[in-house]
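Taking it in order: structure first as structure tokens, then the write-up.
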């Protein structure tokens, strides 16, 4: 799944991101409401984890505006507010579920799984490029309909390419998206992961554009 986390507490946001990526989800993070709303309204996500108390634009306003724009991406509200009236207000505004801080990561995962099982929640459940496909609900990649054994990083890199099949991705973009705050990651780490990924999906599936980066091959 592709998940957007909108949370202004960096420690909490980064912890959620790291945990979800270990579960093979692709995660974007916004640390204020304005950036969160811009991402939520311009990108396609399977789920939005949304704090209520945010700088720039509060969570309820984000939720209300997204629903007004007919954006039906599932929203899980995450907040320190635990009063019944706060929960009712959030759900009435258009949220799908509510989790009060502090919370266990296991409960967060359970709620994400429950939301993902709801019908008609996710568009673009399967990404396809020639003989390679990615089932976003199953978190499983296939080549010629046969499952591939990918690491979490390989899966995230492949998903990144499949979401932008015509785009050239450079090493910095891949590092920022896949490793994010792991500052010890070097460019040759990307090269090593691309090499392993090519061995599994086909050597010519990802081509090197010298001086720029990598992109999916247009050749069948």
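The values are calculated or read from the model by the stated rules, or taken from the named source; none is laboratory data. Note that the structure is predicted; figures quoted are calculated from it, not measured. Counting neighbours? That spans all protein chains shown, and the Cβs are built from the backbone with ideal geometry, glycine included.
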What residue, among those in region 39-62 that are out of contact with any strand residue (DSSP E or B) (no Cβ under 8 Å at 6 or more places or on another chain) and part of a helix (DSSP H, G or I), is farthest from residue 100 (Cα to Cα)?
42
Criterion: surrounded by fewer than 22 Cβ atoms within 10 Å (Cβ to Cβ), modelled with pLDDT under 90, assigned by TED's automatic domain parsing to the domain that holds residue 105 and under 22 Å from residue 156 (Cα atoms) - qualifying residue of 69, 85, 43:
43
Kindly indicate the residue of region 104-128 that is assigned to a loop (DSSP other than H, G, I, E, B) and loosely packed, with under 13 Cβ neighbours inside 10 Å and also modelled with the highest pLDDT among those meeting that condition.
104
Name every residue in region 14-34 that is in a helix (DSSP H, G or I) and either over 24 Å from residue 70 (Cβ atoms) or without any contact (Cβ under 8 Å) to a residue 24 or more places away in the chain (or both), in order of residue number.
14, 15, 16, 17, 18, 19, 20, 21, 22, 34
I'd like to check something: does region 91-102 contain any residue that is surrounded by fewer than 19 Cβ atoms within 10 Å (Cβ to Cβ), in a loop (DSSP other than H, G, I, E, B), at pLDDT below 85 and assigned by TED's automatic domain parsing to the domain that holds residue 208?
no
